[in-house]
1. Report yes if Glu31 is touching a residue at least 60 places away in the same chain (Cβ under 8 Å), in contact with a helix residue (DSSP H, G or I) (Cβ under 8 Å, 6 or more places away or on another chain) and closer than 24 Å to Asp154 by Cα, otherwise no.
2. Could you tell me which of the residues Ala136, Ala88 is more than 30 Å from Phe55 (Cβ to Cβ), in contact with a Lys or Arg (Cβ under 6 Å, 6 or more places away or on another chain) and modelled with pLDDT of 85 or more?
3. It is to be established whether one or more residues within segment 27-48 are basic (Lys, Arg) and touching a Phe, Trp or Tyr at 6+ places or on another chain (Cβ under 7 Å).
4. Being surrounded by 11 or more Cβ atoms within 10 Å (Cβ to Cβ) and not aromatic (Phe, Trp, Tyr) is the filter here, so list the residues in segment 137-148 that pass it.
5. For segment 43-56, name all the residues that are under 26 Å from Gly100 (Cβ atoms) and in contact (Cβ under 8 Å) with a residue 24 or more places away in the chain.
6. Take the residues of segment 83-126 that are among the charged types (D, E, K, R) and in contact (Cβ under 8 Å) with a residue 40 or more places away in the chain: which is farthest from Ser36 (Cα to Cα)?
7. Take segment 15-45 and flag every residue that is at pLDDT below 90, in contact with a strand residue (DSSP E or B) (Cβ under 9 Å, 6 or more places away or on another chain) and farther than 13 Å from Phe151 by Cβ.
8. Is it true that some residue in segment 127-137 is in a loop (DSSP other than H, G, I, E, B) and without any contact (Cβ under 8 Å) to a residue 40 or more places away in the chain?
Amino acid sequence: MPRKFVDRLEPNLRQATDQIADLYVANLAAEAGVYSTTLAESFFRTPLQPTPKGFSFRVETPFFWANIIDRGRNAVSIAPPRKLAFFANPLEDDPRLRGGYHRTYEESANSRLDMPPDEFKRAIKEGRLILTNYAAPLSPTNFVIKAKGRFKRDAKEILGRTARTTARSYLKEITKDIRINITL
């Protein structure tokens, strides 16, 4: 490939990859948003990094439980007399989440439910606090795979359009310099 064409293609490819990265984050947020608006709003991407094959980026979320929503989890049980406690509406009723959802597993595992006894009983009676010895398994949602499928289709279209536009522009430019001499 002529160096002049590569020099022209590179910034266009960077711009297209930037578009694709933003599109991937949007697709991921749309798929995750079906399960959690908090999760959908938390995705962010790293800046593009040059690699030998082009550019790369990473999409991240600060919440450890994104993996659980995506891949599911096994059933959880605990032996009596201890109980698993969870709230029907955690952000509204769980005093451990006053600052928002836990971001790391350690934050979640180390948080203890300390409620005054009368408030504790009232929360159970009103159905806001559920106590159990068993939590059923959580089925995987596979939102990452779903987003990746949409992403691949959209990325091919954007890269194809970028390559075609750059090639047309380059061809128009070099055909101006072509001279044909015919001698009979």
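1. Yes.
2. Working: Ala136 fails: in contact with a Lys or Arg (Cβ under 6 Å, 6 or more places away or on another chain).
None of the others qualify; the one that does is Ala88.
3. Taking every residue of segment 27-48 in turn, at least one turns out to be basic (Lys, Arg) and touching a Phe, Trp or Tyr at 6+ places or on another chain (Cβ under 7 Å).
4. Leu138, Pro140, Thr141, Asn142, Val144, Ile145, Lys146, Ala147, Lys148
5. Passing the criteria: only Arg45.
6. Lys83
7. Hit for segment 15-45 is Asp18, nothing else.
8. Yes, that holds for at least one residue.
The values are calculated or read from the model by the stated rules, or taken from the named source; none is laboratory data. Small disclaimer: the values here were computed from a predicted structure and weren't measured. Counting neighbours? That spans all protein chains shown, and the Cβs are built from the backbone with ideal geometry, glycine included.
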